[in-house]
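The values are calculated or read from the model by the stated rules, or taken from the named source; none is laboratory data. In this text, all values refer to a predicted model and were calculated from it rather than measured experimentally. Cβ coordinates were reconstructed from backbone atoms using ideal geometry, including for glycine residues, and neighbour counts include every protein chain displayed.
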Amino acid sequence: MAPLNLALMLAWSAAIGVCDLRTRRIPNLLNLGAVAVAILVLLAEGKSVVGGTIASAALAAGLAAALTLPAYVGGMLGAGDVKLAVAMGMLSDLKFFGMTFAVAGLLSGVWAVLWLLWRRYGAWLPIGSPERVELRRAVPPGAAPSVSPSVSRKPVPFGAALGVGFILSLSMREFFSAI
């Protein structure tokens with residue numbers, strides 16, 4: 001992959017991660033813009049941005065939809081997460097997207113555990129800090145600290161995990177192709 005393409009893909013993935021972490025929303029401009037770029041590249045070059053065949057990119061996009069739509073219907077993912085996964089599938093190929101999704105799944109699991117610890121124990125605060133002491137006084141034993149509705153509705157920012165997974169997959173692909 002050309003250095004400029006790599007830099008653009010890394011910047012796009014990072015922007016998605018930051019947006020999802022801060023707002024729990026992924027702007028359509030980032031998602032649908034990536035879909036438009038993927039379609040243009042597929043039509044112009046006959047391969048995906050990462051070099052996969054058109055068939056492999058289509059399979060990856062289909063796999064992305066198959067893996068994320070049930071979670072969206074169940075209320076566990078937002079529509080932006082589904083669109084992002086499909087866009088990543090179109091930009092890549094089946095093997096690359098599989099690696100991205102696996103990393104995202106692992107990161108989401110870690111995030112969920114950390115979020116549960118935070119809800120239960122206020123574990124993000126340093127021991128002995130005034131905020132932690134105040135939290136322990138304000139929250140009865142066995143009760144979870146309250147969080148804002150927008151964060152508690154979607155505790156795991158899956159788009160951010162997909163962004164990190166995409167960055168790691170790109171980095172590993174570039175590293176191993178250089179060897």
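At least 2 residues being at pLDDT below 95 and hydroxyl-bearing (Ser, Thr, Tyr) is the threshold, and among the helices (runs of 4 or more DSSP H) wholly inside the range 1-107 those reaching it are 3-23. Each residue in the range 108-133 was checked for being at pLDDT 60 or above and of a type in the set (Lys, Arg), and 2 pass. Restricting Ala85, Ala57, Ala66, Ala104 to those that are crowded, with 21+ Cβ neighbours inside 10 Å, more than 16 Å from Pro157 (Cα to Cα) and of a type in the set (Gly, Ala, Ser) reduces the list to Ala57.
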